[in-house]
1. Please report, in whole Å, how far the alpha carbons of region B:134-173 spread along each principal axis, starting with the longest.
2. Angle check, please: helix B:225-243 long axis (alpha carbons) against the longest principal axis of chain B (alpha carbons), in degrees 0 to 90, nearest 10.
3. Using a 10 Å cut-off around each Cβ, can you sort A:L170, B:L295 from fewest to most neighbouring Cβ atoms?
4. Report, in deg cm²/dmol and to the nearest 500, the calculated mean residue ellipticity at 222 nm for chain A, where each DSSP H run with n ≥ 4 adds -39500 (n - 2.57) and the sum is divided by the residue count.
5. Using helices alone, what [θ] at 222 nm do you get for chain B, with -39,500 (n - 2.57) per DSSP H run of 4 or more residues, divided over all residues and rounded to the nearest 500?
6. Return the average number of partner chain Cβ atoms within 10 angstrom of each residue Cβ along peptide B:140-151.
7. Of all alpha-carbon pairs in region B:102-241, indicate the percentage at a distance above 19 angstrom.
8. For chain A, what relative contact order do you get, as a whole percent, if you take Cα pairs closer than 8 Å and at least 6 residues apart?
Amino acid sequence: MATRNTALPFWRTRRGQDRLATAAIFTTLCIGGTVVLLPFFWMLSTALKRADQVYLSPPVWVPIPPEVINFWTALTRVPFHIYALNTTIIVVLVMIGTLLSCSFAAYGFARMNAPGRDFIFMLVLGTLMLPGAVTLVPTYLMFNSVGWVNTFLPLIVPSFFGSAFNIFLLRQFYLTLPVELEDAAKIDGANPYRIWWSIMLPLSQPVLATVGVFTFVGTYNDFFTPLIYLADESKYTIAVALSYFQGSPRIGPQMHLLMAAVTVSILPPLILFLAAQRYFVRGIVMSGIKG
Amino acid sequence: MQSPSSAESVLVPEAAPSHRHISRWNSEAFHAYVFMLPAILGILIFTLGPVIASLFLSFTEYNIITDPEWIGIANYTTLFQEPLFWQALRVSAIYSVVSVPLNLGFALALAVLLNHKMRGMTFFRSVYYLPTVISGVGVAMLWRWLFNAEFGAINVLLSNVGIQGPAWLLDENWALSALIITSMWSVGGTTLIFLAGLQGIPEELYEAAEIDGAGRWTQFRSITLPLLSTVTFFNLVLGIIGALQVFTDAFVITRGGPNQATLFLAVYLYQHAFLYLNMGYASAIAWFMFVLVMLLTLMVFRSSPLWVFYETGRKGN
């Protein structure tokens, strides 16, 4: 702690103040980070306990040896592979629908002129303000009347009709692209659909990736929609199946098995987040621009 | 146009493109509507149609099996006489009033810390954002276990520092607080939106303020807060809309209990729509929520000139 060239003690100098601030911030963030991660630690710890270690006071924080077999037990007591397959089908189709319909609409809003275009765009944005509860009952009745309840269709089909936030995100991106790119293609005789498909889509890969990861996480974590539309156990998604575990005699009372199932269920979004962090951050930065 | 005069022939090359321009404009409008078609249909089928239909249904009695029967405003009069509805409204109101400002304040403070220039900050940002990515049923069940009165991690840790924790989810005085704490855990999404806003504030402003001798707190109050107010506004509106629609946590963690202490409006709506099949009554609840959200959003918008700072020459939305 040298106080060279100055009469002030180190902690009063500018560099000293910066160091102190950094140290204080680092400490605060470490404590907060521990609090944030603690639930995950508790989940994993419980998932690896023997049945007789779960309800102990004081608790076993680190079970040795870890009961890795709990994962196997939890996943084989229920047809987990079926839930995983259902979830995969729904998530993949919703992602395809969202990416196609949103980029398609966004290109129109960004580049094509037509009377009423901006009014329609404001309507699209207006749907963001609408609480989902208002449309819930009639939408359910509509799907019920066409016999789609207890199928995946109510979960998938709406995604092919665009969603406001993603359209907004993609439109903002298309607005930043130089028009010259399309002009060249127009001179070569390409129609607008061709331009959208062969020029705009490849150029917008980073934004599409952002929309893709958010759609994945949103659809994967969605609980309400599959809860009201899927009745048969053979059609459950992981989220819905999980919610019934706690009441099910096969898993419910055994907290270690329940936490093992929860651990497995959070793996897909966790892996995606670790692998594609920059796309998550980009999406937030872009949504921040909106404010 | 067919005149062979040299003056006219000079104009011809200009006239031709302008003619093409018009027909291209027409076909452009056509193509524009084709591009917008999915979104327009989406709004008509999944938003506008259902909104109108639910208004209609809210004046009927409808159980799916028999046809809807027009009963006027009976659903609404029942609604306001129903103690459980007032309880749901009370729960949602308390939750919103407490959790929205708490989350905003917490997110802002965290964003300021995460905006500090320091090594390893990317790691911290990821850690704090993690709960936003991993949300939903699994996490709700995890919180149920964390709040377990006897063996949950929270009360165990509290007892380590000599505090006898409450029964949380089993205690009607504490269950709602438990859900508010749960919501605080996912503050990372809001935080990163603030962070993006913070990074848009020009560094020179702080440098200039420092030269003028302004301390950190003054800098925060007279630079950060005003320049961040559009982002705060955005987060506030989304926070209110989100808080009034909380469902998963309340449904999975407490099932609305104990003794209706966590009966949120969305849970009350769910019970009437999908347990008792009172579709008309459920629609009345939905429309009440809709009007409530609209009024609150309108109030926030109206109040915005008082506290939201727009840079001159740039129109904020």
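Please treat every number below as a calculation from the coordinates, not as lab data. All values derive from a computational prediction rather than experimental measurement. Don't worry about glycine lacking a Cβ; one is built from the backbone with ideal geometry, like all the others, and counts go over all protein chains shown.
1. 32, 22, 13
2. 60 degrees
3. In order of increasing Cβ crowding within 10 Å: B:L295, A:L170.
4. Details: 15 runs with 198 residues, N = 291.
Roughly -21500 deg cm²/dmol at 222 nm, from the helical runs in chain A.
5. Value at 222 nm, helices only, nearest 500: -21500 deg cm²/dmol.
6. On the way: counts 6, 11, 10, 2, 3, 10, 5, 0, 2, 0, 2, 8.
The shielding value for this peptide is 5.
7. Numbers: 5980 of 9730 pairs.
Tail of P(r) above 19 Å: 61 percent of Cα pairs.
8. Details: 250 pairs, mean separation 83.3, N = 291.
Dividing the mean separation by the residue count of chain A yields 29 percent.
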